[in-house]
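Enquirer: The following block contains the structure, expressed as structure tokens.
The values are calculated or read from the model by the stated rules, or taken from the named source; none is laboratory data. This is a predicted model, so every value here is computed, not measured. With ideal geometry, Cβ positions are generated from the backbone for all residues, glycine too; neighbour counts draw on all protein chains shown.
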Amino acid sequence: MRSAGNIQKNTGKRTSHDVLFSLCENAADRLILLLLLSGVLLFILWPIACIALRSLRGADGGVSFAMFDTVLHQYGESLRNSVFVGLFTAVLTTLLSLSAALCCATARGWRRTLAMLIMLVAMVSPPFVSSLAYIQLYGRRGWITYRLLHLSLNPYNRWGVILMQSLSFVPLNAMFLSGILEKLDEGSLRSARDLGAGGGAILRDIVLPLIRPATLVCLLLSFVRSLADFGTPIIIGGRFSTLAADIYLQVVGYSDLEKSSAMNMFLLVPSILFFFVYRALMRRSDKLTDASRAARGDLGLRLSRCGAMGWGAIALSLVFFVMIVLQYGCVFLSGFLKSTKGVYSFTLQYWRQLWQISASTMLRSIQYALIVSLAGTLFAMLFAYYMDRRRIPGRSLFDCLATLPYMLPGTCFGIGYILAFNHAPLKLTGTAFIVMANMLFKQLPTSTKICTASLALLPEVQERSARDLGAGRLAVLRDVVFPALRPAFLSCFVYNFTSSMTTAGSIIFLIDARRQLAVFKLFDAVYQGDYALASLIASVITVIVLLVEGLAYFIARKGEKRRVS
Amino acid sequence: MKKLFSLLLCAVMVLSLVACGSKTDDNQTNDEPESTAPELSGTMKVVATGDVYGPLFDAFTADTGVQVECLSMSSGEVLSKLRAEGGVPSADLWFGGGIDAFMSAKDDGLLEPVMFDAASELGDEFKDAEGYWYSKGITIVGFLLNNSLMEELGLTAPESWDDLTDSQYAGEIVMSNPAVSGTNYAVVNALLQAKGDEGWNYFEALNNNIAYYGKRGSDPKNKVSAGEFAVGITYIDASIEQAAEENDLTIVYPADGMPWVPEGVAVFKNAENVDAAKYFVEWLFSSDDHLRQLAEIEQKSGIKVIKPSIEDLELSYDPTLLMTEDLSLFGSQRSEILERFEPLMGDKAATE
């Protein structure tokens, strides 16, 4: 009797405890959602709205659309150039990425390791330096064109811009594509082989059609990224100018914020169109890989047995890998070479100069990058989950907002932050927080895409069954969603860390004298024409990023093993 | 996963603690000097054209106790940032950059006037009449030639501005866009002043020979050093001399006169530590020692032109080579000239 009473009492307690707990959990759930949405509104929509408002400011302080007219007339040529470069870059990037991804996905043993390693190094890609290496290698006095081939070429033109943009966009795209390739259904490949299809036919009739949506996504991403890139055309465009480069020129040359803001609005139009195409495509791509995701790993294809197309892919990716190796070799070497009357000799002079850049600057860069990549990854994972799985009203709007920072030239995103956060009550300039927030939200578009893609592989049924079995919302997040996002966590972390260490454009206006970053020193060295020092800083940044990436992989591997055992 | 998650959370927290920690450290060191210099305190934030001014700022700190933090930015970037900040500047002192940017900042009401006794010793064209800006030095402009490329192309060395329009240099001359480079803007304005109505014809002719207009001030130096182009129109200073030594280049001081542009110093209006910045301007110009130190750091002797009374400092070039310039026109004509120059360059881009 007594024990029965006890049981009843305990049960009652537990129920009330559970109710309280689930109330708390719901509140926490709402709070997270609120934080995510207000973050996006405050740190993406508000600065961009400030830019838009500025573009409407007339000479007399009133509202005026005159600036748009001026821009359209004056920069029609640049806009056409931007689109021209964007199209070619997109096509070239996609071709190279496809080839490189096929190579990575089909290669075995040391070839695969080597290809992955080159890809990882190339992904760091510190800004400006690769363009400088291009001039050093292929310029009029280039190591390859002049010293080796005795040619005197003028490298400053649109093709140089297209080539360099493509080279720097390929690694991320190739990683993305090879991820998709590895998830292809092994069954259909095997049955095709059993039915007597040759390698070439499998590649042409099965593999390529299956990854067509992903390929299109690659095309679009590269197109938009090329539109927003200003560093490459500034350094190697020569006479050739794109809209993004002209925006930069307006900012640093004419200090005309109204005009540069209006020019930005023009860049946003094609980009927003892109977003909706992207969404439609991504949905299809998910369906294709979703059904077949059980298979992982080897494609069972050999590119050398895939006919002309296979050989084409091998040739293209070889060209790509060789160019990347040359480029990074050149960057690294430049740090240790000194020219006297045009004759090179080895020197440690710049190395010593490097040490004058205080270690605290380097450490601060690493610290910021770590905070941004951890916080940014968490933010992106949560954001992807809430956008993808909760049918909250207006989610396509928020999704679109979270993509916008990808489409603006970095300088303008930075200017937007000054416009938005320099006055009370939102006075945030001069703090470390605003620099990190800027990095985080500038990188959010890509982080979210990585997480969404990974989330698509988790059947929604699993979450629902967990809910049905009584798991709270947070428990689902913690025990079902996060574990499923583990691979995304790693790629997201790596992406964020790399970008935080190398993004210069957007933070150049936000940085504080007291809290300088390594990449700012790099920008400064490039600006002063101190290429050797710039090369060294770039090399050091690359090595640091690789070390941190290696460490992250190592930890993830260990965690995986422990889970399996 | 749970563990990993909490581990990450911990990491984030620790890192942010470290971030906060270092911030308080900074504040402590900043508070310290208050006792030594009662009239001035805190930190003075400087935007300068380079990172080299440390010793000069250290001397200021030793004299006043005010800590100095320096960030290097080009004058165009400074102006854009100022305009975006909307009257709440993030720095106190603006140190260096072409005077045209300072003039246009004054017109926008972004600067704070400074008056001091020693200002009377500075030449009239090197200070604003109302004290909004002063000149700390002058940048001179000349040509930089790549010897091996000149030889390969069989070009004769140009000696004057008029030589540059000779068709033998077609596509071999590189200069910076005058909008981004105060130096190259000085070239345009000074030559227009010297040549009168003929000036624009001159630039049309020069434009035929120009390969392209660089988007950064250091482009001509870098491109000629790298052997990309034979002739660069560039500022001449110690870094150019060094580049000339390293890459086998020749520096030419044009026989028909060198355009030049003063480098400005100014205090930002509404700056946080406006008192320290104002005192810095006075401190710098009132002592020949400080000016000589500055000249030594920059390896430039132009301050002798600005403050002729300064002793123990010799000008390293013949001052009669400097072109006659009405500097007041630098600011007032800027947008007009750039507006006219832009289509001139734009045609260039289209003919590719």
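Enquirer: Please specify each residue of the stretch A:496-511 satisfying the condition of being buried (at least 24 other Cβ atoms within 10 Å of the Cβ) and not small (Gly, Ala, Ser).
Expert: Hits for the stretch A:496-511 are A:Asn496, A:Phe497, A:Thr498, A:Met501, A:Ile507, A:Phe509, A:Leu510.
Enquirer: Since A:Phe497 meets every condition but one in (1) more than 30 Å from B:Tyr235 (Cα to Cα); (2) in contact with a Phe, Trp or Tyr (Cβ under 9 Å, 6 or more places away or on another chain); (3) modelled with pLDDT of 85 or more, which condition does it not meet?
Expert: All conditions are met except number (2).
Enquirer: Identify, by number, the condition in (1) within 14 Å of chain A (Cβ to nearest Cβ); (2) surrounded by fewer than 18 Cβ atoms within 10 Å (Cβ to Cβ); (3) within 22 Å of the chain's Cα centre (by Cα) that B:Asn270 doesn't meet.
Expert: Among (1) within 14 Å of chain A (Cβ to nearest Cβ); (2) surrounded by fewer than 18 Cβ atoms within 10 Å (Cβ to Cβ); (3) within 22 Å of the chain's Cα centre (by Cα), B:Asn270 violates only (3).
Enquirer: With the structure loaded, tell me whether A:Leu363 is over 14 Å from A:Ala488 (Cα atoms), surrounded by fewer than 23 Cβ atoms within 10 Å (Cβ to Cβ) and within 11 Å of another protein chain (Cβ to nearest Cβ) or whether it fails that test.
Expert: When the stated conditions are applied, A:Leu363 passes them.
Enquirer: Quick one: would you say A:Arg352 is surrounded by fewer than 20 Cβ atoms within 10 Å (Cβ to Cβ), without any contact (Cβ under 8 Å) to a residue 12 or more places away in the chain, over 28 Å from A:Tyr248 (Cα atoms) and of a type in the set (D, E, K, R)?
Expert: Yes: the conditions hold for A:Arg352.
Enquirer: So, A:Ile541, is that one within 14 Å of chain B (Cβ to nearest Cβ) and either within 18 Å of the chain's Cα centre (by Cα) or surrounded by 22 or more Cβ atoms within 10 Å (Cβ to Cβ) (or both) or not?
Expert: No, not satisfied.
Enquirer: Another question, then. Given the criterion hydrophobic (A, V, I, L, M, F, W, C), within 20 Å of A:Ala532 (Cα to Cα) and within 18 Å of the chain's Cα centre (by Cα), identify the matching residue among B:Ala238, B:Ala244.
Expert: One residue alone meets the criteria, B:Ala238.
Enquirer: Quick one: in the stretch B:223-252, which of the residues that are aliphatic (A, V, I, L, M) and closer than 20 Å to A:Ser131 by Cα is nearest to the other protein chains (Cβ to nearest Cβ)?
Expert: Once the filter is applied, the top-ranked residue is B:Ala226.
Enquirer: Condition first: within 30 Å of A:Arg478 (Cβ to Cβ) and among the aliphatic types (A, V, I, L, M). Now tell me which residues in the stretch A:405-439 satisfy that.
Expert: Passing the criteria: A:Ala432, A:Met436, A:Ala437, A:Met439.
Enquirer: Something else about it: Select from the stretch B:90-100 the residues that are over 19 Å from B:Arg334 (Cα atoms) and more than 9 Å from chain A (Cβ to nearest Cβ) and write down the one among them that is surrounded by the fewest Cβ atoms within 10 Å (Cβ to Cβ).
Expert: Residue satisfying both the conditions and the ranking: B:Leu93.
Enquirer: I need the strands (runs of 3 or more DSSP E) fully contained in the stretch B:192-300, keeping only those with at least 1 residues that are more than 29 Å from A:Gly231 (Cα to Cα) and β-branched (Val, Ile, Thr).
Expert: B:249-252, B:260-268
Enquirer: Check B:Val281 against each of (1) exposed (fewer than 14 other Cβ atoms within 10 Å of the Cβ); (2) away from chain A (no Cβ under 14 Å); (3) not hydroxyl-bearing (Ser, Thr, Tyr) and name the one condition it does not meet.
Expert: Condition not satisfied by B:Val281: (1).
Enquirer: Could you tell me which residue of the stretch B:163-192 is nearest to B:Met258 (Cα to Cα), considering only residues that are within 16 Å of the chain's Cα centre (by Cα) and away from every other protein chain (no Cβ under 14 Å)?
Expert: B:Val187
Enquirer: Continuing with the same structure: Among the numbered criteria (1) over 24 Å from A:Ala538 (Cβ atoms); (2) more than 10 Å from chain B (Cβ to nearest Cβ), which single criterion is violated by A:Thr429?
Expert: Unmet condition: (2).
Enquirer: Here's something else I'd like to know. Only one of B:Leu122, B:Leu93 is closer than 18 Å to B:Glu272 by Cα, of a type in the set (A, V, I, L, M, F, W, C) and in contact with a helix residue (DSSP H, G or I) (Cβ under 7 Å, 6 or more places away or on another chain). Can you tell me which?
Expert: B:Leu93
Enquirer: So which residues in the stretch A:389-433 are over 17 Å from A:Ser499 (Cβ atoms), assigned to a helix (DSSP H, G or I) and aliphatic (A, V, I, L, M), if there are any at all?
Expert: A:Leu397, A:Leu401, A:Ile415, A:Ile418, A:Leu419, A:Ala420, A:Ala432 - these are the residues of the stretch A:389-433 that are over 17 Å from A:Ser499 (Cβ atoms), assigned to a helix (DSSP H, G or I) and aliphatic (A, V, I, L, M).
Enquirer: Could you look through the stretch A:313-341, keep only residues that are out of contact with any strand residue (DSSP E or B) (no Cβ under 9 Å at 6 or more places or on another chain) and either exposed (fewer than 15 other Cβ atoms within 10 Å of the Cβ) or among the charged types (D, E, K, R) (or both), and pick out the one that is farthest from the other protein chains (Cβ to nearest Cβ)?
Expert: A:Ala315
Enquirer: In the stretch B:112-138, how many residues are touching a strand residue (DSSP E or B) at 6+ places or on another chain (Cβ under 8 Å) and either charged (D, E, K, R) or within 14 Å of chain A (Cβ to nearest Cβ) (or both)?
Expert: The qualifying residues number 5.
Residues checked against (1) part of a strand (DSSP E or B); (2) closer than 20 Å to B:Val274 by Cα:
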| residue | (1), (2) |
| --- | --- |
| B:Arg83 | no, yes |
| B:Met115 | no, yes |
| B:Thr139 | yes, no |
| B:Glu152 | no, no |
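Enquirer: Continuing with the same structure: Could you name every one of the helices (runs of 4 or more DSSP H) located completely within the stretch A:210-258 that has at least 1 residues being away from chain B (no Cβ under 14 Å)?
Expert: Those helices (runs of 4 or more DSSP H) span A:212-228.
Enquirer: Do we have B:Gly97 as at pLDDT below 90, under 28 Å from A:Ile235 (Cα atoms) and either among the β-branched types (Val, Ile, Thr) or not in a helix (DSSP H, G or I) (or both) here?
Expert: yes
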